[in-house]
Amino acid sequence: MIMPIDLRILILTIGIAAAAYMLGMLLWSIARPDQRTWPPQAAKTGIKLRVWTITTAIFAAAFLLGVMDWNSFGWPASLRWGVGLPLVILGNIAVWWGVNKIGYAATSGEASGLKTDGLYAWSRNPQYVADITILIGWGILAASVWALPVLAFGFAVLLIAPFAEEPWLEERYGTSYREYRSKVRRYF
């Protein structure tokens with residue numbers, strides 16, 4: 001007799017697999033910058049689609065699991081809605097501002113010029129900080145045991161990504177990037 005797979009297990013597996021794949025890409029790129037997979041050697045449509053698909057899978061899995069297992073931690077509504085929701089909103093404002101600022105192509109690994117103004121004057125990676133803020137906010141708002149592993153893996157991916165990108169940025173922008181890096185923190 002074939003047992004049906006619990007939908008939560010399927011979504012959890014997809015979310016963790018997507019994050020593990022991205023984490024592997026990043027770790028490979030850190031260990032072997034001459035053979036890096038992120039940022040890609042050439043930002044073609046396939047790699048852009050792959051990166052956005054993986055990123056979407058991580059966030060979608062965390063969202064769906066959070067909804068399906070809403071407040072399994074039993075946290076008070078004042079904490080969840082008073083802290084979690086504002087973090088999700090602020091993170092989204094910042095991340096979409098960043099996408100608009102640097103462009104869709106640059107978020108997928110294409111060189112588009114060194115950005116040092118706006119939020120980039122305070123953080124070299126404001127989009128990663130914003131994505132982390134969204135994940136933390138969603139984790140608090142959903143208060144879900146099932147979403148927690150995907151959120152943790154997503155958090156790890158976002159913390160490690162700058163270490164894969166920084167050598168690429170230095171290759172592309174040289175002295176300008178080194179000067180910028182000496183003045184602005186990696187995260188915040």
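Bear in mind that the values in this text are calculations on the coordinates, not laboratory data. Just so it is clear, the structure is predicted and the values come from calculations on it, not from any experiment. Neighbour counts run over all protein chains shown; Cβ positions are idealised from the backbone, glycine included.
Once each part is reduced to its C-alpha centroid, what is the distance from segment 119-143 to segment 15-79 in angstrom? Here the two parts' Cα centres lie 14 Å apart. Placing dummy labels 7 Å off each Cα toward the beta-carbon, the span from GLU179 to SER112 is 2.3 nm. A simple charge model with +1 on the Cβ of Lys and Arg, -1 on the Cβ of Asp and Glu and nothing else charged puts the dipole of segment 7-183 at about 120 debye relative to its Cα centre. Fewest neighbouring Cβ atoms within 10 Å first, the residues TRP28, TRP96 line up as TRP96, TRP28.
Within a straight-line Cα-Cα reach of under 27 Å, LYS44 can be paired with the following lysines, leaving aside sequence neighbours fewer than 8 residues apart in one chain: LYS101, LYS115. The Cα atoms of the chain define a convex hull whose projected area, averaged across directions, is 12.2 nm². Once the Cβ-Cβ distance of THR56 and ALA31 is raised to the sixth power relative to R0 = 25 Å, the FRET efficiency obtained is 0.45.
Computed on the Cα atoms alone, the convex hull of segment 21-105 gives a volume of 127 cubic angstrom per residue.
If R0 equals 22 Å, the separation of the Cβ atoms of TRP70 and ILE14 corresponds to a calculated FRET efficiency of about 0.70.
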